Amino acid sequence: MEVHPASKVTSLFGSDHFSGRVWLDPLLEQGGADGLRIYRVFFEPGSRTHWHTHPGGQSLMILAGTARTGAEGEPAVEAGPGDVVYTPPGQWHWHGAGPDGYMIHVAFNPGAKTDWGDDREVTAEEYEPPGG
Ligand code: MN
């Protein structure tokens, strides 16, 4: 067993692969196909990832604020504290904060690292939920 102390976590400023300002706390980074990566991520209002996939899928637990997330061929949706957003392996998607406040989630990424493809930004149209 290992304890990974919170005091040893170094926040990273996510300049690549994000629109707007995002801070990442790498809580656990295991390598290999059986590994697990856990990140706590703080998004300023309106900020979001670029389009990407996770070879092992991804579960996001929203800790605070209102999340906006979307997947290829699906409308943008919102999620709130305690909600878990699951994305299956290989599905193109994005996630971030709603426009009116910050959002914090914890991301659980099993398996291989994130595939950012051609690093495409989420457009204003893609960011808007239907009727939003
Ligand atoms: Mn993701």
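The values are calculated or read from the model by the stated rules, or taken from the named source; none is laboratory data. Keep in mind it's a predicted model, so treat the numbers as computed, not measured. Neighbour counts run over all protein chains shown; Cβ positions are idealised from the backbone, glycine included. For the accessible areas, the whole protein counts, side chains as well, though only heavy atoms, and no ligand, DNA or RNA atoms are used. Shrake-Rupley method; radii C 1.70, N 1.55, O 1.52, S 1.80 Å.
A DSSP coil position with no more than 15 other Cβ atoms inside 10 Å describes the following GluC sites (Glu not before Pro) in the range 39-132: 72, 121.
Accessible area per residue for the chain is 54 Å², calculated with a 1.4 Å probe on protein heavy atoms, without ligands, DNA or RNA. For the chain, adding -39500 (n - 2.57) for each run of n ≥ 4 DSSP H residues and dividing by the number of residues yields -500 deg cm²/dmol at 222 nm.
Spin-label model, residue 10 to residue 59: label points 7 Å out along the Cα-to-beta-carbon direction sit 3.0 nm apart. In order along the range 99-110, the Karplus-derived 3J(HN,Hα) couplings, from 6.51 cos²θ - 1.76 cosθ + 1.60 at θ = phi - 60°, round to x, 9, x, 6, 8, 10, 10, 10, 9, 10, 10, x Hz, and Gly and Pro are given as x.
Using a simple spin-label model with pseudo-atoms 7 Å out from Cα toward Cβ, residue 120 and residue 92 lie 0.3 nm apart. Across the range 44-52, coupling constants 3J(HN,Hα) worked out from phi with the 6.51/-1.76/1.60 Karplus curve, θ = phi - 60°, read 6, x, x, 7, 6, 6, 7, 5, 6 Hz, and Gly and Pro carry x. This model, with +1 at the C-beta of Lys and Arg and -1 at the C-beta of Asp and Glu, gives the range 7-121 a dipole about its Cα centre of some 300 debye. Surface composition of the chain: carbon and sulfur make up 54 percent of the accessible area, probe 1.4 Å.
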